[in-house]
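**Q** My questions will all concern the structure given below.
The values are calculated or read from the model by the stated rules, or taken from the named source; none is laboratory data. Predicted model, so just to flag it, every value in this text is computed and none were measured. Cβ atoms come from the backbone with ideal geometry, glycine included; neighbour counts cover every protein chain shown.
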Amino acid sequence: MTAIRSLRMIALIFGLGPICLASPAAAQFAPPPIPPHSAHPKATPESVSQGKDLFAGTCANCHGIDGSGANGPNIQGVGGTLGPEGLYATIRGGVPGTGMPPFATLDDATIWKIVDYVSSLGHENAGVATGDPKKGKAIYESNGCASCHTIDAEGGDLGPDLSHVGAQRSIVSLEKTLTDPGGNLPLDTSLQERSAYPAYMMYRAVKKDGKAVEGMRVDEDSFTMQLRDSSGHIQSIQKFEVQKIEPEPGKSFMPSYKDKLSATQINDLVAYLSSLGGAQ
């Protein structure tokens, strides 16, 4: 899998100050391009344990063995913000202009183990999966979640890949996403920006003729914005042709399951999702 990322979030971690999922700071430096690398293997308890040992010898001097901070900032919970690819890019490329150096001599297998450990940080006291993963998988399938989400290269791509979501999000975060998806958006790690940007944020562009286009922003430059609509089609908006472009906070193509599933069903679905990636 190729991963040449332009991470505008990257200076949040390891270099500029404490980070938490709820209130990330603005990034100040763009990282160098990251070379192609191997795909992230499925996280396991063994890879997390090995990653902890590697982290202790490589990263703990700055971030503390539990990621709570030392000479560098607290990075607990950062796995839910950047995901495995963002963490890989940070470790491999460093954060130019900060105290976070690149670790270009580490091989992919070593970096992925560190990624698995860092992804597990902040999951303590963040809820326990009490549901039945098997029943949760059946709920996932019966509700058509695969039409928008991918697991192990199978499914749609309108929403985020869930193959490692258990290593990226805590139980509490998963529950919130299912009941209030628009209010619990992940942070994007693909757009080249200097500030934190929630991925899958909805925008509404009203053209001069009064027609409106609504979708998730996937790219933008000085003259255009690309929105992905509910059908998955990319709509390119010429900024000089619109009256206004407005974000729609709290809105999402993903429906809320608060009133569609029972509390037991939500617990089962969360248990299934938390099993993906092996973090829980």
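**Q** Considering only the range 54-73, state which residues are in contact with a Pro (Cβ under 8 Å, 6 or more places away or on another chain) and surrounded by 20 or more Cβ atoms within 10 Å (Cβ to Cβ). I'd like the intermediate steps shown before the answer.
**A** In the first step, residues of the range 54-73 are kept if they are in contact with a Pro (Cβ under 8 Å, 6 or more places away or on another chain); the result is 63, 69, 73.
Correct list: H63, P73.
**Q** Consider the range 218-234. How many of its residues are surrounded by 11 or more Cβ atoms within 10 Å (Cβ to Cβ) and under 14 Å from D157 (Cβ atoms)? Steps first, please.
**A** Residues of the range 218-234 surrounded by 11 or more Cβ atoms within 10 Å (Cβ to Cβ): 218-220, 224-230, 232, 234.
This time we only want the ones that are under 14 Å from D157 (Cβ atoms), so: 218, 228-230, 232, 234.
Of the residues in the range 218-234, 6 are surrounded by 11 or more Cβ atoms within 10 Å (Cβ to Cβ) and under 14 Å from D157 (Cβ atoms).
**Q** Let me ask another. Can you find a residue that is among the aromatic types (F, W, Y), surrounded by fewer than 21 Cβ atoms within 10 Å (Cβ to Cβ) and either modelled with pLDDT under 95 or within 27 Å of S38 (Cα to Cα) (or both) anywhere in the range 101-112?
**A** yes
Listed here are the residues, each with its yes/no results for (1) assigned to a helix (DSSP H, G or I); (2) more than 26 Å from S163 (Cα to Cα); (3) more than 20 Å from the chain's Cα centre (by Cα); (4) hydroxyl-bearing (S, T, Y).
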site: I65; (1), (2), (3), (4): no, yes, yes, no
site: G69; (1), (2), (3), (4): no, yes, yes, no
site: P73; (1), (2), (3), (4): no, yes, no, no
site: G77; (1), (2), (3), (4): no, no, no, no
site: G80; (1), (2), (3), (4): yes, no, no, no
site: E85; (1), (2), (3), (4): yes, no, no, no
site: I91; (1), (2), (3), (4): yes, no, no, no
